[in-house]
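**Q** Quick one: structure below, then a few questions.
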Amino acid sequence: MESDVLVMSMHACNIANRVPGMELVAICDGNTARAKEVAEELNVEAVYADPAQMCADPNVEAVAIFTNTASHVDMIKIAMEAGKHVFCEKPLAENVEKCLKAEEIIKAHPNQVFMLGFMRRFDKSYRIGATPSSSLVEVLSEHGVCHECYQDFVSRWHDAYITEMEVFCDYVAKGEAAEPNVYDGTKATRVAYACKESFLKNELLTLD
Ligand SMILES: NC(=O)c1ccc[n+]([C@@H]2O[C@H](COP(=O)([O-])OP(=O)(O)OC[C@H]3O[C@@H](n4cnc5c(N)ncnc54)[C@H](O)[C@@H]3O)[C@@H](O)[C@H]2O)c1
């Protein structure tokens, strides 16, 4: 399965079935065949190819964005200007300039919730390792010590993706400023580019 299908259908499935307080009322994707397939599976009637049209749907209160990274800021603009609360998958954008544009858009809509996805923050069993264990069980046999591993990032962070969506739902219900926010997205992008520069120059860099 391609990653976009996986990411889109995983989030859609979580919103439709696993997040109390959320109802999936519409799906939008430029690839309408794919959107229809997911919508049919999840019993969602409204399917759109154009994000602006979906955002004009009065049944839609909040929008979750999982389109390709380069389109995130355009999607944020469409959704925020249509008066929707917005959840956007990380990364915020592919460069700092676009992140700053996103900051301006979000600042102009102070009464709407914006939350940036970062599922690791909501991982109750945060673990770092080359081979992430799916449980704490280790088996010692004639093959040595074995432990079961997650096969992909969707199963690795299954619970965390649901928790972050629950948290977003809670922010919308309470009308509170969400975290991670757009500024976290800009900072993360600055850090990522500084890491790259540091690696290329082979020297330590200081960030303001
Ligand atoms: N949380 C994480 O660790 C993590 C990791 C990888 C990717 N992501 C995010 O997951 C999401 C999916 O990533 P991907 O690389 O699989 O995306 P992708 O490039 O494959 O695109 C996802 C979908 O967006 C649709 N789309 C793009 N532009 C559109 C438009 N203008 N109108 C309507 N539909 C449009 C495409 O048809 C496609 O089905 C992205 O938001 C990405 O930033 C998050």
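**Q** Show the residue pairs that are 6+ apart or on different chains and have beta-carbon atoms under 8 Å apart, the first residue being within the range 44-67 and touching a residue at least 40 places away in the same chain (Cβ under 8 Å), the second being part of a helix (DSSP H, G or I) and within 10 Å of the ligand (Cβ to nearest atom).
**A** 64/11; 66/4; 66/7; 66/8; 66/11
**Q** Of all residues in the range 82-93, how many are more than 10 Å from the ligand (Cβ to nearest atom) and outside any loop (DSSP other than H, G, I, E, B)?
**A** Residues of the range 82-93 that are more than 10 Å from the ligand (Cβ to nearest atom), as a first pass: 82-87.
This time we only want the ones that are outside any loop (DSSP other than H, G, I, E, B), so: 85-87.
Qualifying residue count for the region: 3.
**Q** Within the range 130-143, is there a residue that is surrounded by fewer than 17 Cβ atoms within 10 Å (Cβ to Cβ) and within 19 Å of residue 63 (Cβ to Cβ)?
**A** Within the range 130-143, not a single residue is surrounded by fewer than 17 Cβ atoms within 10 Å (Cβ to Cβ) and within 19 Å of residue 63 (Cβ to Cβ).
**Q** Same structure again: Looking at (1) touching a residue at least 40 places away in the same chain (Cβ under 8 Å); (2) within 13 Å of the ligand (Cβ to nearest atom), which is the one condition that is false for residue 79?
**A** (1)
**Q** In the range 79-92, which residues are more than 15 Å from residue 178 (Cα to Cα) and surrounded by 23 or more Cβ atoms within 10 Å (Cβ to Cβ)?
**A** Looking only at the range 79-92, we keep the residues that are more than 15 Å from residue 178 (Cα to Cα), and these are 79, 81-83, 91.
Listed by number, the list holds a single entry, 79.
**Q** When you look at residue 46, is it touching a His at 6+ places or on another chain (Cβ under 8 Å) and either buried (at least 16 other Cβ atoms within 10 Å of the Cβ) or at pLDDT 95 or above (or both), yes or no?
**A** Details: touching a His at 6+ places or on another chain (Cβ under 8 Å): no; either buried (at least 16 other Cβ atoms within 10 Å of the Cβ) or at pLDDT 95 or above (or both): yes.
Considered against the rule, which asks whether it is touching a His at 6+ places or on another chain (Cβ under 8 Å) and either buried (at least 16 other Cβ atoms within 10 Å of the Cβ) or at pLDDT 95 or above (or both), residue 46 comes out as no.
**Q** OK, next. When you scan the range 100-111, do you find a residue that is touching a residue at least 60 places away in the same chain (Cβ under 8 Å), away from the ligand (no atom under 16 Å from the Cβ) and within 16 Å of residue 189 (Cα to Cα), even just one?
**A** yes
**Q** Being near the ligand (Cβ under 9 Å from one of its atoms) and assigned to a loop (DSSP other than H, G, I, E, B) is the filter here; which residues of the range 46-76 pass it?
**A** Within the range 46-76, 49, 50, 66, 67, 68 qualify.
**Q** Which one is modelled with the lowest pLDDT, of the residues in the range 94-141 that are of a type in the set (Asp, Glu), in a loop (DSSP other than H, G, I, E, B) and touching a helix residue (DSSP H, G or I) at 6+ places or on another chain (Cβ under 8 Å)?
**A** Result: 123.
**Q** Is it the case that the range 150-161 has a residue that's charged (D, E, K, R) and exposed (fewer than 10 other Cβ atoms within 10 Å of the Cβ)?
**A** Our first condition is that a residue be charged (D, E, K, R); within the range 150-161, this holds for 152, 156, 159.
Filter once more, so that each one left must be exposed (fewer than 10 other Cβ atoms within 10 Å of the Cβ): none.
Within the range 150-161, none of the residues are charged (D, E, K, R) and exposed (fewer than 10 other Cβ atoms within 10 Å of the Cβ).
The values are calculated or read from the model by the stated rules, or taken from the named source; none is laboratory data. As the structure is a prediction and not an experimental result, all values here were calculated from the model. No Cβ is skipped: glycine too gets one built from the backbone with ideal geometry, and neighbour counts run over all protein chains shown.
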